[in-house]
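In what follows, a single structure is set out as structure tokens and then discussed.
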Amino acid sequence: MSAGTDTALGLTESRTPLAIAVKIVLYVLVAALFAGPLLALLVGAFSQISDPTELSIIPSKPTLENFGIAIDYGVLNYLANSFFVVGFGLLLQVIVSVLAGYALARKRFRFSAFVMVAILATMMLPEEILALPLSILLADLPLVHINLMGTLAGMIVPLGAWAFSILVMTEFMKDVPIELEEAARIDGAGEFRVFAQIILPLCKPALGVVGVFGFTMIWDQYLLPLLVSQSNATYTLPLALRTLRIDPAVTPGVIMAASLLALAPSVIVFLLFQRSFARGLTSGALKG
């Protein structure tokens with residue numbers, strides 16, 4: 001019997017008992033490295049912990065008291081603020097990215113290349129550089145002259161245009177066969193009908209990618225709420241976690257319970273849209 005098998009790279013994979021044992025040990029170490037902190041978070045959220053050094057992946061003294069204390073500190077209000085921001089922010093972001101992607105992929109206009117370069121350039125700027133000009137704009141919104149500082153709307157408006165979402169939609173729409181659009185126009189379809197009934201339905205995998213990444217990006221926002229919020233009434237959950245961490249009366253178990261509430265929505269969204277997310281990531285490779 002052969003002691004090894006050829007891999008895709010033409011290398012020989014050893015199948016001896018020693019090699020199998022080494023691989024099992026490596027797999028266990030990798031799993032512990034990535035899953036250990038999450039397991040400690042899950043166990044700590046349901047345990048009575050008063051000292052950070054007591055964190056363990058082994059459950060002890062299970063309790064729901066941590067969640068009750070976290071609720072008393074207003075975590076549910078912060079959670080509602082986060083859902084409000086991510087709901088309207090993601091809706092605005094999807095609308096902008098779909099319309100911008102359609103214009104960049106299907107329309108020919110002057111300086112289109114410059115527009116794309118300008119959009120991509122925003123991905124290279126750290127958030128800290130944009131903080132000052134963004135705060136000035138939100139304090140006096142151009143044309144309408146409305147002050148959005150201290151409001152949830154001030155956190156939603158800057159999230160509308162995200163270069164990553166626009167880029168994904170643009171590149172995906174470029175791969176939609178132009179023949180389908182031409183056939184629809186021959187049948188008498190107008191611009192809006194072509195967009196709504198031909199282009200957009202074919203972009204569902206890309207919408208899955210934009211939705212999952214957009215939700216995670218907005219949900220994890222810290223600097224923007226910190227910049228806009230002027231009272232704890234408009235705090236989102238990531239920002240509220242900082243307040244809990246610096247409160248000496250809050251135990252590590254309460255912080256972990258609040259952190260678990262902050263983590264759960266992202267995991268749930270990914271699991272719900274996992275199939276569309278995977279199709280969106282692999283569709284470009286399959287078309288190529």
query = Within the bounds of the range 82-92, is there any residue that is surrounded by fewer than 17 Cβ atoms within 10 Å (Cβ to Cβ), out of contact with any helix residue (DSSP H, G or I) (no Cβ under 7 Å at 6 or more places or on another chain) and touching a residue at least 40 places away in the same chain (Cβ under 8 Å)?
reply = yes
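Could you list, in sequence order, all residues of the range 102-145 that are part of a helix (DSSP H, G or I) and basic (K, R)?
R106
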message = When the residues of the range 45-63 are narrowed to those that are assigned to a helix (DSSP H, G or I) and modelled with pLDDT under 80, which ends up surrounded by the fewest Cβ atoms within 10 Å (Cβ to Cβ)?
response = T53
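So is S82 within 30 Å of L202 (Cα to Cα) and among the small types (G, A, S) or not?
Here the answer is no, as S82 does not meet what is asked.
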Residue check, D175 within 24 Å of A118 (Cα to Cα) and either of a type in the set (S, T, N, Q) or surrounded by fewer than 17 Cβ atoms within 10 Å (Cβ to Cβ) (or both) = yes
query = How many residues does the range 235-250 contain that are among the β-branched types (V, I, T) and at pLDDT 90 or above?
reply = 1
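The values are calculated or read from the model by the stated rules, or taken from the named source; none is laboratory data. Worth saying up front: this structure is predicted, and the values here are computed from it rather than measured. Virtual Cβ from ideal backbone geometry, glycine too; neighbours counted across all protein chains shown.
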